[in-house]
Amino acid sequence: MAVEVVIPALGLTVEKGTILKWIKREGDSVSKGESLYEVEADKVTTEVESPASGILKKILIPEGVEVPILTPVAVIADAKEQLPEKYVCAAVGPKQEDTRDALQCVSTHAPRHGAATILTSGPGEIKAPPAARKMAKERGVDLSSIKGSGPGGSILLKDVESFVATGAQGGPRVLATPTARKLAEREGIPISAVKGTGISARVMKADVLEAKTAPKAAETKPVSRYQLGQVIPMNSMRKVIAKRMAQSNFTAPHIYFFNDVDMEKLVTLREEVVADFEKNEGVRISMNDLIIKAVALSLQEYPLLNAMVSGEEIRIFPEINVGLAVAMDDGLIVPAIPRADELGLGEIARLRADLVDRARQGKLTLEEMERGTFTVSSLAQFDITFFTAILNPPQSGILTLGKMEERPVVKDGQVVVRKMMRQGVSVDHRIVDGAVAAQFLQGLKKKLENPYYTFLSR
Amino acid sequence: MRELTFREAVVEALDIAMGKDPRIFLLGEDIGYYGGLFQATQGLLQKYGEDRVMDSPISETAILGAGIGSAIVGMRPIVEIMNIDFLPVCLDQLVNQAAKMRYMFGGQCKIPLVVRTTCGAGRGGAAHHAQATHAAYMHFPGLKIVVAGTPHDVKGLLFTAIEDENPVLFIEDKMMYNMKGEVPEGYYTVPFGKAAIRHEGKDVTVVATMRMTHKALTVAKEMEEKGIGVEVIDPRTLCPLDEETLINSFKKTGKMVIVDEGHRVGNFGSEVASIIAEKAVDYIQAPILKVTAPQVPVPYSPVLEKEVYIPNEEMIRKAIDKVMEYA
C-alpha cells in the first residue's frame, strides 16, 4: 500500500514549507521514523521522518520548491508495488512565481538525479536594457540598488534617471575625473568611499591612490554592511518578520503602558546568588532570567496576557512559555522557555543560554519558536530609556525593557540615587483592557522590587 | 498636386525614361500586348513598338540572361519578372552573374540592368504568387534593392534605378498598384539610400516597408492621440540602406518595431535589429520587435491570408504597446 509523505503542519501559523534537501533518494529503502528530507518553514529547518517503511518510490517535489503544508511530497511503497498512475507525473504545481515551469513531468524511468530542474533567476541577475546599463555606468550607479519598473522587473532608463535625479536614494552623485573613476574601478575601490580633494570635492587620481595605500583608515570607521540606495531581497526570516509584524500591527489594536522599576534589590539578589548558581549548577544567572521568572509568575495572576484571539473566542494558553526576543545579524527570533512559571532559576538560565545560543546559530526547532505565549523584549544593553513593541502574534502581551541606570528618585522625602529601569507592556486591546494591563505592570513592578518574597513565596 | 495611382506612376516613369533614352527597352512575360499582369506597362508597346517592348517566352532565365547580355553591350534593359516568387528560377543569372560580373571582371563591364518585379500577398496568390522575399536578396553583394512605398517614390526611384550603372532589383508591392498619391509631372529622381520619415515621433521608431508603411502610419496617427509619438520610417531602398536615419531616430526613441511582410526568419527587420545592436547598443531601451509574416508558406485561404499572414494594424499596435512597456 503506497503511503504519501506530506509536509507536516509545522506550527500554528505556518502555511508553507520549502524542501531544502532530500536526505533519501528515489529507490532508497527507508524505515519508519528515519529522516527523509529537510523542510524550511518560517525561520526554522526541520527534518521530517518517514511515516512508513518501504521504498522511497517517487519524489514528487524537488529540492528548493515551496509548497503548502500537507502537500504530498513523496510516495513510499513496497518494492514490488506498482505506483498508481497519479504519481507517475507529478501534478503538484508550486504556486510561487519563480518556480513556474519548474516541475516537469518526469517519467519513473528518468535518472533520479536532477530529473526535475528548477529554473529560477539567480540572485545576482539584473535585467536592464543596454541604455539603462550605460547610464548607470556613466553616473556611477550600481544597478543592483535600483528597483526596475519594467516588464519582469527590468530596470528601465527612466528608473536609472529617477534614481539619479532623486539622489536621496542613491546619495549625491560622486564627482570624479574619468582617470580617477577608471583607477578606482581597476583597484576595486568604490568611488563613493574616496574623499575628493578637487574642486567641489571632485575625486582626483591622487585621491584614489591615497585611498588605495591607506585602506586601514577606511576600515577603522564603523561601516554599515548596507549601502544607501541598496535594494536587499528579503530572506525567509525577514519575510516572516515582515509578514507577522504587519499582521500583528494591523489586526491587534495595541495599547502601551510604562512604569519605572527600582531594580536595586533585584541587582543585589542576583549578585548574591550568581556565584553559587555558577558553582553548583554551571549556569550564570542573568537579570533577564530573574525577570522572565517574575513575568511568568505575574502571568499566572493575569492570564489574559497569556492568551490569543481565535475567531470570537479568547483562548488562554494552557502553559506559560516566556519567549525572549533575540537579535540576529539580519533579523529577530523569539525562542521560548517552556513553563517558566514552574521552573527554577537555574533551569531557566540553562534553557535561556542554550536557546539564545542556538538561535544565533539558526538551529532552533520550530517548536521552540512557536511555543511562546508571552514575549520579553529587552534593549537594556542599549542606551534606550523605553520603547514600544509590536505583539508577537498570536500572543496578547509583550514586555519591553529599557536600560537600567542610576537616577535620582525621591524616597521618603529624600532624593536618593537608585538603579532604575523603565518597563513597558504592549497588549492586544481585543483581550486586555487598560486596567488589567496596568495591574499586570504594577504587579510585575512589585515582584521585581521585592524579589525575595517573589522568589520565595512559591 | 495631381494624384496618380502607383501603377500610373510606374507607367509614367517608364514612358518618360523611354522617351528620353533610346537604349532603354522592356522585356518580360505579357508586358507588351497585355500591358503586364498588373498593367504596369500599359500602352507602352503601342507607343514604342515591339522592338522596345518585348513579350518574352515564359523563361525567367532567358529574360534575365538577355537583360544582362544587352546591358553589358550598352543597352539599358528593364526586365520584368512577374512575381518575385519566380526570381529563384533565374537566381543564378541575378545573384551570381548580374550582381558579380563587374567585380569579377575587374570593372571591364558594367550591368546597368533594372529587374522589375512584384511582391506581396492579399489576392489569394498563395505560396507561389504572393511572397515578399525581398530580404533574401539583400544577402547578395552587388544588387541594389528598391522597395518603393508611395506613387511619388516609385516614379522617382525608377528614374534613379534606370540611370544607375549597376543592377537594381526594383520591387513593387502588388497590393499598392491602385494606391493613389501625389505625383509630380515630368522627370524627377528620388535618391537611393535615403529613407523617408513619414511621421515624426519621439517614443518609438517604426521602420516599415512598402504598404506596411501605410499600416504603420495609421497606427502612428492613432497612437498620437494617446500621446505616444511613433516615428515611421520608410527606408525606400534596402540596399543601400539609410542606416544613419534609422540610427538617429533610434537614438531619439530607444525603441524600435520593424514591420515587413517578409517571412520572420532572415527578415529585413532582422538586419535592421542587427545594425541597431551593433551601432546603437547604448541606446537600446527595449526589445527590438519585428512584425512580419509568419515562417510559413503564404496560405491560399483568404481568411488565413488576411487575418493571420499579412501583418496588420492590430499586430503593429500590439508590438508598439509591448515596447512601450519599457518606456
Practice task
Please work out whether region A:236-456 counts as rounded, prolate or oblate from its C-alpha gyration tensor, where a ≥ b ≥ c are the square roots of the eigenvalues and a/c under 1.5 means rounded, while otherwise a/b larger than b/c means prolate and anything else oblate?
Solution key: oblate
Handout entry: Computed helical MRE - 222 nm, chain A, DSSP H runs ≥ 4 contributing -39500 (n - 2.57), nearest 500
Key = -9000 deg cm²/dmol
Completion exercise
Asserting the computed 222 nm helical MRE of chain B (DSSP H runs at least 4 long, -39500 (n - 2.57) per run, divided by residue count, to nearest 500) equals -9500 deg cm²/dmol
Exercise for the section: Sort A:297-304, B:103-110 for me by packing, meaning the mean count of neighbouring Cβ atoms within 10 Å per residue, highest on top. Expected result: A:297-304, B:103-110
Fill in the blank from the handout: The ³J(HN,Hα) series, computed from each phi in region B:95-105 with the Karplus coefficients 6.51, -1.76 and 1.60 at θ = phi - 60°, rounded to the nearest Hz and given as x for glycine or proline, is 8, 9, 9, 4, 6, 10, 4, 4, 6, 5, 9
Fill in the blank from the handout: Normalised Cα Rg of region B:196-324, dividing by 2.2 N^0.38 Å with N its residue count, works out at 0.99
Completion exercise
Relative contact order as a percentage, chain B, C-alpha pairs under 8 Å and 6+ apart, gives 16 percent
Fill in the blank from the handout: As straight-line cross-link partners of B:Lys279, the qualifying aspartates and glutamates (C-alpha separation under 16 Å, not fewer than 8 residues apart within one chain) are B:Asp242, B:Glu243, B:Glu244, B:Glu271
Exercise for the section: For A:Phe374, enumerate residues with amide H under 5 Å from its amide H, sequence gap 5+ or separate chain, H modeled in the peptide plane. Expected result: A:Asn321, A:Gly323
Practice task
Output the relative contact order of chain A, whole-number percent, from Cα pairs under 8 angstrom with separation of 6+ residues.
Solution key: 12 percent
Problem - Cross-link table B:Lys226/B:Lys318; B:Lys155/B:Lys251; A:Lys243/A:Lys403, entries beyond 21 Å C-alpha to C-alpha - result: B:Lys155/B:Lys251; A:Lys243/A:Lys403
Problem - Alpha-carbon Rg/Rh ratio, for chain B, with Rh computed the Kirkwood way - result: 0.97
Problem - A:Val326 long-range amide H proximity, modeled H, under 5 Å - result: A:Ile333, A:Val334
Handout entry: A:Val261 long-range amide H proximity, modeled H, under 5 Å
Key = A:Met421, A:Arg422, A:Gln423
Handout entry: Average projected area [Cα convex hull, chain A], square nanometres
Key = 31.7 nm²
Exercise for the section: Give the span of the protein assembly as shown's Cα atoms along each principal axis, as three whole-Å numbers ordered largest to smallest. Expected result: 130, 81, 51
Completion exercise
Computed on Cα atoms only, the convex hull of region A:314-376 has an orientation-averaged projected area in nm² of 4.5 nm²
Completion exercise
If one compares the long axis through the Cα atoms of helix B:243-253 with the longest principal axis of the Cα atoms of chain B, the angle in degrees, nearest 10, works out at 20 degrees
Exercise for the section: Determine which lysines satisfy two conditions relative to A:Lys293: a Cα distance under 16 Å, and not lying fewer than 8 residues away in the same chain. Expected result: A:Lys265, A:Lys445, A:Lys446, A:Lys447
Exercise for the section: Report the antiparallel proportion of the DSSP beta bridges in the protein assembly as shown as a percent, rounded to a multiple of 5. Expected result: 60 percent
Problem - Size of charge dipole - the protein assembly as shown - debye, nearest 20, with Cβ of Lys, Arg +1 and Asp, Glu -1, no other charges - result: 1740 debye
Exercise for the section: Among the trypsin sites (Lys or Arg not before Pro) in region B:193-244, which ones are in a DSSP loop with at most 15 other Cβ atoms within 10 Å of the Cβ? Mind listing them? Expected result: B:Lys194, B:Lys202, B:Lys226
Fill in the blank from the handout: Within region A:222-328, DSSP-loop trypsin sites (Lys or Arg not before Pro) with at most 16 other C-beta atoms within 10 Å are A:Arg225, A:Arg284
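Bear in mind these aren't lab numbers, they're just calculated from the coordinates by the rules spelled out. Keep in mind the model is a prediction, meaning the values are calculated, not measured. Heads up, the Cβs are rebuilt from the backbone with ideal geometry, glycines too, and the neighbour counts pull from every protein chain shown.
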